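Here is the structure we will look at.
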Amino acid sequence: MDGGMKPTVAPVLILLGPPGAGKGTQARMLEETYGLIQLSTGDLLRAAVAAGTPAGKQAKAVMEAGDLVSDEIVIATLRDRLMEDDCAKGVILDGFPRTIVQAAALDALLSDTGQRINAAISLEVEDAAMVARISGRFSCGGCGEGYHDSFKPTAKPGICDHCGSTEMKRRADDNAETVAQRLEAYHAQTAPLIDYYETKGALSRVPAMGAIDDIAAQLHDVVSQATA
Ligand code: AMP
């Protein structure tokens with residue numbers, strides 16, 4: 001975004017879509033282009049699990065089963081992160097909200113700070129392709145860059161293109177059984193948010209079955225308009 005026309009209130013973007021839709025990949029690209037902060041509740045919860053915090057201890061088994069962590073824990077986790085100074089630049093929410101209760105909590109949090117949702121963007125994909133997308137994915141332990149065995153391999157095997165690290169990670173919940181449960185949780189609890197944001201006039205739909213760069217280009221159009 002150029003300096004001259006900066007809105008006074010920092011933008012808030014939401015990426016909606018099932019696991020494997022590409023929310024994390026696209027959020028990272030938007031973060032770089034627009035100088036926004038990517039807020040992934042999945043990443044925050046994985047960090048809490050790794051650190052062994054009380055919230056992490058409660059979330060661990062739920063995440064391994066592919067179910068949704070309680071609204072109470074997720075909202076508190078998101079609220080704490082949103083209060084940190086860097087989020088004043090604007091945020092891309094990746095994986096939050098995932099229930100109507102979380103969406104209402106977000107509305108309340110934003111109204112407290114005088115912010116609003118610029119756009120809720122639904123990445124439109126077919127369920128059948130999601131298992132293949134998720135089962136092949138891995139990420140760099142050094143910088144977090146995401147990769148995929150078939151769709152986005154590293155240029156040199158085992159070495160991150162971005163930072164050169166050789167530490168690659170696969171998520172414990174990226175296996176076929178857990179993915180099926182995560183898709184079920186998405187349809188039962190998260191898909192209703194598409195109507196929620198459509199009713200508010202905040203929804204944009206972006207077809208997301210194609211190549212990563214083509215999807216990024218379409219998202220760029222939506223985001224430029226929503227933050228203008
Ligand atoms: P993700 O990295 O977004 O795929 O999230 C991984 C897992 O973290 C999910 O399967 C849930 O168990 C949990 N999780 C992440 N975000 C939320 C959320 N907003 N609400 C409930 N559970 C969440």
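The values are calculated or read from the model by the stated rules, or taken from the named source; none is laboratory data. Predicted model, so just to flag it, every value in this text is computed and none were measured. When we count neighbours, we look across all protein chains shown, and the Cβ atoms used for this are built from the backbone with ideal geometry, even at glycine. Ligands, DNA and RNA are excluded from the accessible area calculation, which covers all protein heavy atoms including side chains. Shrake-Rupley method; radii C 1.70, N 1.55, O 1.52, S 1.80 Å.
Kindly provide the trypsin sites (Lys or Arg not before Pro) of region 1-91 that DSSP labels as loop, not H, G, I, E or B, and whose Cβ sees at most 13 other Cβ atoms within 10 Å.
Sites meeting the loop and neighbour criteria: none at all.
Report the relative contact order of region 81-226, percent, no decimals, based on alpha-carbon pairs under 8 angstrom and at least 6 residues apart.
30
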Using DSSP to define loop residues, name the GluC sites (Glu not before Pro) in region 52-84 whose beta-carbon has at most 16 other beta-carbon atoms within 10 Å.
Glu84
What's the magnitude of the charge dipole for the chain around its Cα centre, counting Lys and Arg as +1 and Asp and Glu as -1 at the beta-carbon? Answer in Debye, nearest 20.
260
How many angstrom separate the Cα center of region 123-168 from the Cα center of region 19-54?
14
Share of the chain's accessible area from carbon and sulfur, percent, 1.4 Å?
53
Too long for a 29 Å Cα-Cα cut-off, among Lys23/Lys200; Lys57/Lys152; Lys23/Lys156; Lys23/Lys60; Lys89/Lys200; Lys23/Lys169, are Lys57/Lys152
Long-range amide H contacts for Ile14: which residues qualify at under 5 Å (H placed 1.01 Å from N, peptide plane, sequence gap of 5 or more or a different chain)?
Leu93, Ala119, Ala120, Ile121
With Rh as the Kirkwood radius over Cα pairs, region 93-228 has Rg/Rh of 1.00
Computed [θ] at 222 nm, helices only, for the chain once each DSSP H run of length n ≥ 4 contributes -39500 (n - 2.57):
-14000 deg cm²/dmol
Applying 1/(1 + (r/R0)^6) with R0 = 41 Å to the Cβ-Cβ distance of Ala132 and Arg79, what FRET efficiency is obtained, to the nearest 0.05?
0.70
Rounded to one decimal in Å, the inverse mean reciprocal Cα-Cα distance for region 169-222, i.e. its Kirkwood radius, is 13.6
Filter the trypsin sites (Lys or Arg not before Pro) in region 90-163 to those in DSSP coil with at most 16 other Cβ atoms within 10 Å of their Cβ, and list the result.
Arg116
Using just the C-alpha positions of the chain as equal point scatterers, what log10 of I(q)/I(0) does the Debye formula give at each q in 0.09, 0.10, 0.13, 0.18 1/Å?
-0.35, -0.44, -0.78, -1.60
So what is the accessible area of the chain per residue, in Å², with the probe set to 1.4 Å?
50
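Under the 0.36 nm per residue contour assumption, what length would be gained going from the current alpha-carbon distance of Ala228 and Asp213 to full extension? Provide the component values of the computation, followed by the final result.
Values: separation 15, 0.36 × 15 = 5.40 nm, distance 2.20 nm.
Full extension of this stretch gives 3.2 nm more.
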